[in-house]
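What follows is one structure encoded as structure tokens, with my remarks underneath.
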Amino acid sequence: QQYLEKLKNKQVVRFPSQAPAHPLWPEIERVTLEQLQYARLGVEGGVWQLFAEDGEMKMYKREEEVDGLAVDPLKAVHTVKGVTGREMTHYFFSPDVRFEWETTLEQMKVLETIADDTLVILQIHKRVWPASQRDALFWSHVRRVPNDTDRDAQDIWIACNHSTEHHEAPSNEGKMVRVSLTVCLVCQTSIEPPSDGGPVTRDHLTCKITYCSVVNPGGWVPTSALRAVYKREYPKFLKRFTQYVKDRCDKQPILF
Ligand code: 6CM
């Protein structure tokens with residue numbers, strides 16, 4: 001009853017996740033909140049290099065190497081009309097639709113469902129010549145974050161993926177090279193209410209997106225080839241993914 005009362009009064013409601021009971025929870029909590037702060041930092045200051053631009057979408061990178069491997073942090077900003085942050089992060093998180101937009105994927109398995117909003121996932125990515133095939137094992141978590149800097153604004157949504165370990169998929173088995181990754185998608189909806197006081201429709205929605213990624217390829221790969229792959233694949237991913245969510249949500253009720 002109290003919960004329904006809060007919803008009616010449009011107060012912020014945090015849906016309790018069952019994940020806090022899991023041993024991974026302290027790390028999930030820490031990394032997700034760190035990623036949120038990191039995503040909210042701007043790209044000004046000269047450290048970020050613009051490498052792809054298409055309409056509202058801008059992608060930046062910093063060239064960095066660890067033990068001779070390129071681990072270039074990437075940050076992309078985009079604005080998409082007609083969808084909410086909740087819808088964007090939902091489809092980024094949901095394994096059911098991943099093959100609809102993730103073109104680098106060969107196989108995917110949910111190894112553990114920690115909670116509705118928290119999974120452990122193993123992915124096998126398509127091989128890119130001349131490198132060995134890669135896999136990725138990570139926890140994936142999605143949540144709503146109240147917007148404490150502007151109480152009138154819509155809540156922020158974040159989906160965060162971060163490498164982990166799991167007894168069902170040890171990294172030294174098989175011939176895959178395991179990448180390690182930290183990725184987040186942070187979204188905020190703004191609503192331009194209709195001037196005639198009519199109902200809010202998808203025409204009144206704009207979703208501001210920040211996508212951040214750091215991937216360590218885990219084993220030998222020529223740096224220039226890797227950078228060429230990223231330059232091609234990241235813009236392709238973000239355009240395809242955002243278009244997928246727009247198409248998927250079109251004519252559907254809005255999920256705030
Ligand atoms: O964030 C993205 N996708 C998520 C769901 O799949 C998730 C996965 C990220 C995996 C990124 C690793 C890609 C594999 C790297 C292969 C390296 C070998 C290249 C050899 C070149 C010669 O967070 C979207 C990820 C978009 C990636 C382009």
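The values are calculated or read from the model by the stated rules, or taken from the named source; none is laboratory data. Model, not experiment: these values are computed from the prediction. When we count neighbours, we look across all protein chains shown, and the Cβ atoms used for this are built from the backbone with ideal geometry, even at glycine. Calculation scope for accessible area: heavy atoms of the full protein, side chains included, ligands and nucleic acids excluded. Shrake-Rupley method; radii C 1.70, N 1.55, O 1.52, S 1.80 Å.
Return yes when ALA136 is open to solvent by less than 60 Å² (accessible area, probe 1.4 Å), modelled with pLDDT of 95 or more, more than 13 Å from the ligand (Cβ to nearest atom) and among the aliphatic types (A, V, I, L, M) and no when it is not. When the stated conditions are applied, ALA136 does not pass them. When the test is whether a residue is within 15 Å of the ligand (Cβ to nearest atom), of a type in the set (Val, Ile, Thr) and more than 24 Å from SER140 (Cα to Cα), VAL66 passes it.
Looking only at segment 174-211, filter to residues that are among the charged types (D, E, K, R) and assigned to a strand (DSSP E or B); which one of those is most open to solvent (accessible area, probe 1.4 Å)? Steps first, answer last, please.
So the first thing to find is which residues in segment 174-211 are among the charged types (D, E, K, R), and the list is 175, 178, 192, 196, 202-203, 208.
Checking which are assigned to a strand (DSSP E or B) leaves us with 178, 208.
Working: ARG178: 48, LYS208: 129 Å².
Only one residue tops the list, namely LYS208.
Contact map, segment 213-237: residues that are more than 15 Å from VAL183 (Cβ to Cβ) and within 8 Å of the ligand (Cβ to nearest atom) paired with residues that are open to solvent by less than 40 Å² (accessible area, probe 1.4 Å) and not in a strand (DSSP E or B), Cβ distance under 6 Å, separation 6+ or inter-chain. Pairs shown: VAL221/ALA131.
Among the residues of segment 212-249, those identified as under 16 Å from ASP54 (Cα atoms) and open to solvent by 60 Å² or more (accessible area, probe 1.4 Å) are LYS231, ARG232, LYS236, LYS239, ARG240, GLN243. Residue-level check: of (1) of a type outside the set (A, V, I, L, M); (2) within 16 Å of the ligand (Cβ to nearest atom); (3) on the phi > 0 side of the Ramachandran plot, GLY197 misses just (2).
Per-residue answers, yes or no, for (1) of a type in the set (Phe, Trp, Tyr); (2) outside any loop (DSSP other than H, G, I, E, B); (3) in contact with a Lys or Arg (Cβ under 7 Å, 6 or more places away or on another chain):
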residue: ILE124; (1), (2), (3): no, yes, no
residue: TRP129; (1), (2), (3): yes, no, no
residue: SER140; (1), (2), (3): no, yes, no
residue: ARG143; (1), (2), (3): no, yes, no
residue: ASN147; (1), (2), (3): no, no, no
residue: ARG151; (1), (2), (3): no, no, no
residue: GLN154; (1), (2), (3): no, no, no
residue: ILE158; (1), (2), (3): no, yes, yes
residue: ASN161; (1), (2), (3): no, yes, no
